[in-house]
Amino acid sequence: MTEVHRVGDKNNDGAAVTSSLQSTVYAGDPPKLIAVDGSPVAGHGTGAHASPTTDNGDATVLIDNKPVNSKDDADTCGHTRDAGESSVIIGPE
């Protein structure tokens, strides 16, 4: 089970989720929007790293029919999501 990712949470290269493709579900204190597949990630290089998005979310946990992102999900650039919001845990045990 892993921590959900939110706007502002970073991948293992330090690139944060900059916005979310959903606008209704928040987590944490202060509350931040939960990231779903396709949410923009800050550019951190060239090629695939120039404008990556979140990817590989949990297909069993959906917001607006989009998989929710969590720790260790790989972004489209290949970097993985780092520590997220520990008050909301998803995925198999």
- Fully extended, how many nm does the chain gain between ALA48 and SER86 (0.36 nm per residue separation, minus their Cα-Cα distance)? 10.8 nm
- Task: Once you have the Cα-Cα distance between ASN65 and VAL7, take 0.36 nm times their residue separation minus that, and quote the gain in nm to one decimal.
- Result: 19.1 nm
- For ALA35, list long-range residues whose amide hydrogen, built 1.01 Å from N in the peptide plane, is under 5 Å from its own amide hydrogen. HIS5, ARG6, VAL7, ASN69
- Query: Highest mean first, what order results for 25-36, 46-57 on Cβ atoms within 10 Å?
  - Reply: 25-36, 46-57
- Could you tell me what % of all Cα pairs in the stretch 1-58 have separations over 12 Å? 64
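We did not get these values from a lab; they are worked out from the coordinates using the rules stated. Note that the structure is a prediction, hence the values are computed from the model and not measured. Backbone-built Cβ (ideal geometry, glycine too); neighbour counts: all protein chains shown.
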